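Have a look at the structure below, then the notes.
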Amino acid sequence: MGSFAVIIKGMFRQEQRNVRVIMGYLLGFAIVGYWMSGFLRYAADTGEPVNILEAFCVVEQHYVNMLFLVLGWLLVVADAPFMKGNIYLLLYRCGRKRWNMGMFFYILMQAFFYTAAMAAFTIIISSFLGFVGNMWSSPVYSLARDVTNNIGAKYNITFPWLVMMKVMSVPQAFAVTFLFLYLYLAFMGVLLYAAALLFSGIAGMVAVIGVHLTGYLRMMDGYTETSLLARAVPGNFIDGTLSYWQSAALFLALIVVLMVLSSIFVKKIEFQSGTEVEG
């Protein structure tokens, strides 16, 4: 465990001042802010307050926001498999397997921080127009009942998840939305890392963008069951039962599979610098 901590600490130290990482976070804030501005403008026009957790639930389950929000995250991890700086020294000290696991845990932790940053951003901005509590607000109820899309067309935001509102409190919906977004970003990050490690950085980026765009197109065509992006939107699968947890289990299974595959093949990969201690 000590070697994992050293690797993860080294990665965060290496990446924390990286302009690419900072720009990835700023891009995420800009994308979330764009869609949130429509929701808050709608709430302001109604003259009624909203729950400070609702903006995250609404924006992070808006299909087009999800399409673009991932771009900020991919910019954060675009250097996968992170073969630069003092990584070779860590490789010598820890061995290939431990180094590989350290990279995985770095991506999982960075995905959590990215998701938490987006959530905190929506809460801070919403606090100027909102309240704290378990109840859904009247503006969000009206938005969920907007079957004719009059509100959606005017403010460029939708929230058709009335079943979620009936079976969950706002904090519960916030937690589930946070978890599903995190799992999707974590999966995309480890997919990028694994493909970049086994093939190349370009191949990794092509793979994740292909999976992401395919998921979006299938979701828009109504094939939510076979769309990974659709499974990152919990409202698609909340029906009063616990079936939506199947999506969480799927993402976890995919992450574990990629972790196992990379652990197997990392022993056979020819790195570009030196010879490492096997571990």
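The values are calculated or read from the model by the stated rules, or taken from the named source; none is laboratory data. Model, not experiment: these values are computed from the prediction. Backbone-built Cβ (ideal geometry, glycine too); neighbour counts: all protein chains shown. Note: areas computed on protein heavy atoms with side chains; ligands, DNA, RNA excluded. Shrake-Rupley method; radii C 1.70, N 1.55, O 1.52, S 1.80 Å.
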Just one of 122, 148, 158 is outside any helix (DSSP H, G or I) and within 20 Å of residue 48 (Cα to Cα); which is it?
-> 158
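Just give me the residues in the stretch 179-202 being of a type in the set (Phe, Trp, Tyr), open to solvent by 40 Å² or more (accessible area, probe 1.4 Å) and touching a helix residue (DSSP H, G or I) at 6+ places or on another chain (Cβ under 7 Å), in sequence order.
Just the residues of the stretch 179-202 that are of a type in the set (Phe, Trp, Tyr), to begin with: 180, 182, 184, 187, 193, 199.
With open to solvent by 40 Å² or more (accessible area, probe 1.4 Å) added as a condition, the list becomes 182, 199.
Passing the criteria: only 182.
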Please find, within the stretch 134-154, the residue that is nearest to residue 182 (Cα to Cα) out of those that are out of contact with any Ser or Thr (no Cβ under 9 Å at 6 or more places or on another chain) and open to solvent by 20 Å² or more (accessible area, probe 1.4 Å).
-> 141
When both residues are 6+ apart or on different chains and their Cβ atoms are under 9 Å apart, which pairs have a first residue that lies in the stretch 236-254 and is in a helix (DSSP H, G or I), and a second that is basic (Lys, Arg) and open to solvent by less than 70 Å² (accessible area, probe 1.4 Å)?
-> 246/231; 247/231; 248/231; 250/231; 251/231
Condition check for residue 176: open to solvent by 60 Å² or more (accessible area, probe 1.4 Å) and modelled with pLDDT of 90 or more | no
Hey, residue 106 modelled with pLDDT of 95 or more and open to solvent by less than 20 Å² (accessible area, probe 1.4 Å) or not | no
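When you go through 44, 55, 30 one by one, which is the residue that is exposed (fewer than 14 other Cβ atoms within 10 Å of the Cβ) and at negative phi?
On the way: 44 fails: exposed (fewer than 14 other Cβ atoms within 10 Å of the Cβ); 55 fails: exposed (fewer than 14 other Cβ atoms within 10 Å of the Cβ).
From the options 44, 55, 30, the qualifying one is 30.
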Residues located in the stretch 8-27, provided they are open to solvent by 30 Å² or more (accessible area, probe 1.4 Å) and among the β-branched types (Val, Ile, Thr) | 19, 22
Within the stretch 225-266, how many residues turn out to be open to solvent by 80 Å² or more (accessible area, probe 1.4 Å), farther than 20 Å from residue 107 by Cα and not aliphatic (A, V, I, L, M)?
-> 5
Every listed condition ((1) open to solvent by less than 30 Å² (accessible area, probe 1.4 Å); (2) within 17 Å of the chain's Cα centre (by Cα)) holds for residue 205 save (1)
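When only residues in the stretch 206-245 that are among the charged types (D, E, K, R) and closer than 18 Å to residue 179 by Cβ count, which is modelled with the lowest pLDDT?
Here is the first cut: in the stretch 206-245, the residues among the charged types (D, E, K, R) are 218, 221, 225, 231, 239.
Still in the list and also closer than 18 Å to residue 179 by Cβ: 231, 239.
Working: 231: 95, 239: 84.
Going through the qualifying residues, I end up with 239.
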